[in-house]
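Just below is one structure, and these are the notes that go with it.
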Amino acid sequence: MKKVYLSIIFVLCFILVSCSGGSGIEFQSENDTQVTLSQNIPDTPENKVDYKKVSFLGVGDNIVYYGTVRDAQRNGTAGGRKYDFKPIYTEVADLIKNADVAFINQETLMCGDGYEFSYYPMFNGPQDMGHDLVELGFDVIGMANNHMLDKGNVGLEKTIDFLSGLPVTITGGYKNKEAYDNIVVHENNGIKIAFLSYTEHTNGLRPSSKYDTYIPYLNEANIEEEVAKAKEKADLVFVSVHWGDEGRFNPNNNQKIYAKKFADAGVDVILGHHPHVIQPVEWIKGKDGNDTLCVFSLGNFMAEQAYAYNMVGGMITFDIVSIEGSKPEIENVVFIPTVFDWGNAFYDNRVYLLEEYTEEQARKHGIGSYGRITSLSQLRGYVSNIISDEFLSESYLNAVK
C-alpha cells in the first residue's frame, strides 16, 4: 500500500508543481524520506519542439473593368479616397485577412495622375485599388503579366513607384535589371519565401530602350540560376507565372515543360495565371525527388469577361510547416472555387464562394449583358471537370452533392 500512496503523492505534487510559481516543493513520504520535486526545467530549444506554421492564400487575375470602377465610385469612401473596391470582396474578405501570407496577380496598371482610366484591351485603373488590396490583407502583389506595358515603360514605372510606397511586397515589376536580380523575399513567422515572377509575353509590346525598365520574360536559360539564387536567400521558392492559352482548361505543352523545369530546379510552389479559366492543380516530382505544388491556372478573381467559364476562379490555400528547423513543407492544400458575379448593366460586382452561390444568382448573372446565360450546374461543372477532389474542401464537396 505504501507504494500506492507514494505514487498518488507524486502525482499530486506534480500537479501542484505545474500550477505553482515556486521553485520546487518538498514533502515527507511515509518512511520519512525527504523528496524534492523541482519545476525549474530550463525552457531551452532542447526541451521544446520548434514548430512554425504560416498559412498561405493565392488568387489569380484581378482585372479592373468599367463596371468595377463605377461600383467603386458609387461605394465611395470615408477615408478621403474617391473609389472603394473593398465591398466587391466582402464575401471572401475574412479568408484573405486570416491568411498569414496572401498573394494576388494584379493585371491592371495603376499609373496615377496624368493617365486616364482605360479598359480592354489596354488597361489602367485607379490607385485606390492598390490601397484597398492592402487593406483587405494582401501581402504580395504580382505584376508580371501581358498587360504590364499597356501604358509603356513610364506607366509601369509609375505603378511600381506607387505600390512601392505601400506596406506590401511587390514581385514581377522591376524598374531595372538590378532590381530584378535583387530577389524579392517575404518573411512571416521566421519563414522566408522568395518570389520569382515571369510572363510569357506582353501582347507584342516591348520595353523601350530609352528606359531601364526590366520585363521578366519566361526564359528557359535563366531558371536554374535564378532558382538557385533564390534558395540561397530563402527557405522556400514560389514562382508566379503568367502563361498558357486563354480560355483553355488544360495546360499546353509549354506550360508542362516549364512546370517540370521549375520542379527540377527545386521550386516549391508554382502559381499560374493568364488563361482566365481554371486549370488543374498537381504535385510534380522534381529530378531530386522533391514535390512541387503546381496550380496551372487560378483563373479570374475579378473580371467582367463575357463567358460563364471566365467567372469561375479559385483561391489556393495551404499551410507552410517547419518542425525543429527543418525545411518547411507544404501541407493541407485546398482549392476554394470562387465565382465573379455582377447584375444588370454591370452593376453590383462581387466575388462569391462557389459553394455558397445559388441557382437564382446564376440565372440572373450579368453575362446576360453579353447575350449569354449560365446555371449553377454549369459553373460547378467547370470545377468538377478540372480540379481533383483531393484538392477540394469537404464543405465544397458536400455543397455540390
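Max-minus-min Cα coordinates of the range 300-401 on each principal axis give 57, 26, 19 Å, with the largest extent listed first. Across the range 177-289, how large is the tail of the calculated P(r) beyond 21 Å, expressed as a percent of all Cα pairs? Of the Cα pairs, 41 percent sit more than 21 Å apart. Please give the net charge around residue 219, taking every other residue with its beta carbon less than 15 angstrom from that of residue 219, where Lys and Arg add +1 and Asp and Glu add -1. Around residue 219, the charge tally is -2.
For residue 361, neighbours were defined as the other residues whose beta-carbon sits under 13 Å from its Cβ, and their charges (Lys and Arg +1, Asp and Glu -1) total -3. For residue 66, what charge total do you get from the other residues with a beta carbon under 13 Å from its beta carbon, if Lys and Arg give +1 and Asp and Glu give -1? Spelling it out: positives minus negatives among the neighbours equals -1. Per-residue packing, averaged as other Cβ atoms within 10 Å, sorts the ranges 243-251, 391-399 into the order 243-251, 391-399, beginning with the highest. The helix-only estimate of mean residue ellipticity at 222 nm for the chain, built from DSSP H runs of length n ≥ 4 each weighted as -39500 (n - 2.57), is -8000 deg cm²/dmol after division by the residue total. When the Cα convex hull of the chain is projected onto planes of every orientation, the mean area is 27.0 nm².
Counting every C-alpha pair in the range 87-192, the share spaced more than 20 angstrom apart comes to 40%. Taking a span of 24 Å or more along the helix axis (Cα atoms) and a mean Kyte-Doolittle hydropathy of at least -0.5 as the rule, the DSSP H helices of the chain that qualify are 2-19.
When only the Cβ of Lys, Arg, Asp and Glu is charged (+1, +1, -1, -1), the dipole of the range 278-401 relative to its Cα centre reaches about 540 debye. Once the mean of 1/r is taken over each pair of separate Cα atoms and inverted, the range 67-123 shows a Kirkwood hydrodynamic radius of 13.4 Å. For the range 42-142, a crude dipole built from +1 on the beta carbon of Lys and Arg and -1 on the beta carbon of Asp and Glu, taken about the Cα centre, is about 200 debye to the nearest 20.
DSSP finds beta bridges in the range 123-206, and of those with both partners inside it, around 60 percent are antiparallel. Within the chain, antiparallel bridges make up roughly 60 percent of the DSSP beta bridges whose residues both belong there. Can you pull out the GluC sites (Glu not before Pro) in the range 82-141 that DSSP calls coil and that have at most 11 other Cβ atoms within 10 Å? For GluC sites (Glu not before Pro) across the range 82-141 that sit outside H, G, I, E and B with at most 11 neighbouring Cβ atoms in 10 Å, the list reads 116.
In the chain, the portion of solvent-accessible area held by carbon and sulfur atoms comes to 49 percent [1.4 Å probe, whole percent, DNA, RNA and ligands not counted]. What the chain shows is 46 Å² of accessible area per residue, with the surface traced by a 1.4 Å probe over protein heavy atoms. With 29 Å as the limit, write out which pairs from 175/287; 52/229; 210/260; 82/177 have Cα-Cα distances beyond it, or answer none. Cα-Cα > 29 Å for 175/287; 210/260; 82/177; rest within.
The values are calculated or read from the model by the stated rules, or taken from the named source; none is laboratory data. A quick note: this is a predicted structure, and the numbers were derived from the prediction, not measured. Note that each Cβ is placed from the backbone with ideal geometry, even for glycine, and that neighbours are counted across all protein chains shown. We work out accessible area using only protein heavy atoms, side chains counted, and drop any ligands, DNA or RNA first. Shrake-Rupley method; radii C 1.70, N 1.55, O 1.52, S 1.80 Å.
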